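The block underneath contains the structure these notes are about, expressed in structure tokens.
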Amino acid sequence: MLLLSGPNISGNEWKYVKDCLDTGWVSSVGAYVEKFEKMTAEFTGAKFAVATSSGTTALHICLILNDIQRDDYVIAPNVTFVASINAIKYTNADPILIDVDEHTWQMDLDLLEKFLSGETEIKNGNSIYKKDGRKIKAIMPVHVLGNMCDMGRLLHISKKYNLIVIEDATEALGSYYKNKHAGTFGLMGTFSYNGNKIITTGGGGMIITDNEALAKKAKHVTTQAKSDPFEYMHDEIGYNYRLVNTAAAMGVGQMELLPEFLKRKREIIAFYKKEMEAVGDISFQKIDDDVNPNWWLPTIMTEKQKQVLKILNENKMQSRPFWVPMNKLPMFKNNLYYTKDDRSDYIYQKCLSIPCSTNITDDQLASVVLKIKEVY
Ligand SMILES: *Cc1c(COP(=O)(O)O)cnc(C)c1O
């Protein structure tokens, strides 16, 4: 089976994990956690990085630390992986789902502005949704597939409407907007190291921020908020959301390989584009000039989505449709979905992701293309 986006364990991961096992430093403290955090801060240019047990828990903590509470609203795109919206729901806040751009598949900023200017008002410094008087506190851009929206414009809008920006950059390690790394635009940003992401720790996540107080607080609440080094004194409700040292050890090995992975992802997308841009109606995600994406998950758009999915999966080349849009999931169906013509559904009906593990061979890539061409 050719995996869609599988792990590539080919560096010092074994050595570093063995080191944890040999020394017994397998749990919540250990040198690799700090090392992994430091490498992430250095790579992204963020001042601080705090490792977490997953991308989902990283998002949850960012929302908690920014005082997102019951009945608050957080704006997010309607096309994302469910974890972004679940994290909002964990705080008892509700999402406001904004439709996406049909070319970039990122939150549609024209629609966002239209919503904010038409449906909200500012009261005591807070954006209020006029229909029910509830506060809109934050916006969570999601860098879908490692692409990014016009972050300059998004920041401008967020300032105008007093919205905290928390970036779901879980798919965007190695992506840049105007040479600035994804996750460093908002007050806080998050990464995921799930098995299918560009680097993996099996499961894990990271919060990045330039704000020292928030970084300290993130470390504190992800480790049960223990406030005394000896006594079991805890000064607030904490979470067991830490990353264990063995996983961090794997992460350090993976970070060493990241430049190589990014290079390979670029080769993969270049090959797919060269071979398929003129095939049938196949098109690719549009990337704005200011964005340099990590090309984490090459995805094509075509009327023949179902046929391509079928032929690839039947031939053991793992491919997947796009996420079911959030407004179509039962638990979010009563949440506000702001759209003009439901581009989310349009994208959902047409997109599929194709094999792109960094250890895929050129021959395997060519065989995927051959199979796809059989459909046209
Ligand atoms: C992977 C992912 C997450 C969640 O990360 P986990 O580490 O699996 O919890 C959140 N949002 C998006 C957009 C993702 O792709």
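A search for C-beta distances below 9 Å between a residue of the stretch 85-109 that is under 21 Å from Arg134 (Cβ atoms) and any residue that is in a helix (DSSP H, G or I) and of a type in the set (Phe, Trp, Tyr), counting only pairs 6+ apart in sequence or on different chains, returns Ile85/Phe332; Lys89/Phe332; Asp94/Phe332; Pro95/Phe332; Ile96/Phe115; Leu97/Phe332; Ile98/Phe115.
Being surrounded by fewer than 24 Cβ atoms within 10 Å (Cβ to Cβ) and not charged (D, E, K, R): is that true of Ile157 here? Taking the combined requirement at face value, the residue satisfies it.
Apart from one condition, Lys274 fits all of (1) in a helix (DSSP H, G or I); (2) crowded, with 17+ Cβ neighbours inside 10 Å; the exception is (2).
Restricted to the stretch 19-52, and to residues there that are within 16 Å of the ligand (Cβ to nearest atom) and hydrophobic (A, V, I, L, M, F, W, C), the residue that is farthest from Ile136 (Cα to Cα) is Phe36. Scanning the stretch 312-319 turns up no residue that is touching an Asp or Glu at 6+ places or on another chain (Cβ under 9 Å) and crowded, with 19+ Cβ neighbours inside 10 Å. Meeting the requirement of 1 or more residues that are within 16 Å of the ligand (Cβ to nearest atom), in contact with a strand residue (DSSP E or B) (Cβ under 7 Å, 6 or more places away or on another chain) and small (Gly, Ala, Ser), the strands (runs of 3 or more DSSP E) wholly within the stretch 124-227 are 134-139, 188-192, 205-209. Taking first residues from the stretch 192-211 that are free of Cβ contacts under 8 Å to residues at least 40 places away in the same chain and partners that are small (Gly, Ala, Ser) and near the ligand (Cβ under 7 Å from one of its atoms), no Cβ contact under 6 Å between residues at least 6 apart in sequence or on separate chains turns up.
Taking the conditions (1) at pLDDT 95 or above; (2) more than 14 Å from the ligand (Cβ to nearest atom); (3) outside the structural domain of Val33 (by TED's automatic domain parsing) in turn, Glu277 satisfies each one other than (1). For Ile237, the conditions (1) more than 24 Å from Val291 (Cα to Cα); (2) crowded, with 20+ Cβ neighbours inside 10 Å all hold with the exception of (2).
For (1) surrounded by 21 or more Cβ atoms within 10 Å (Cβ to Cβ); (2) of a type outside the set (Asp, Glu); (3) within 24 Å of the chain's Cα centre (by Cα), each residue gets a yes or a no:
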position: Thr299; (1), (2), (3): yes, yes, yes
position: Val308; (1), (2), (3): yes, yes, no
position: Asn327; (1), (2), (3): yes, yes, yes
position: Phe332; (1), (2), (3): yes, yes, yes
position: Arg343; (1), (2), (3): no, yes, yes
position: Lys373; (1), (2), (3): no, yes, no
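Where the second residue is among the polar types (S, T, N, Q) and more than 9 Å from the ligand (Cβ to nearest atom) and the first is under 13 Å from Ile139 (Cβ atoms) and lies in the stretch 53-69, which pairs have Cβ atoms under 8 Å and are six or more apart or on separate chains? Close Cβ pairs satisfying both conditions: Leu63/Thr91; Ile68/Thr91.
The values are calculated or read from the model by the stated rules, or taken from the named source; none is laboratory data. Quick caveat, the model's predicted, so the values are computed rather than measured. All Cβ positions, glycine included, derive from the backbone under ideal geometry; neighbour counts span all protein chains shown.
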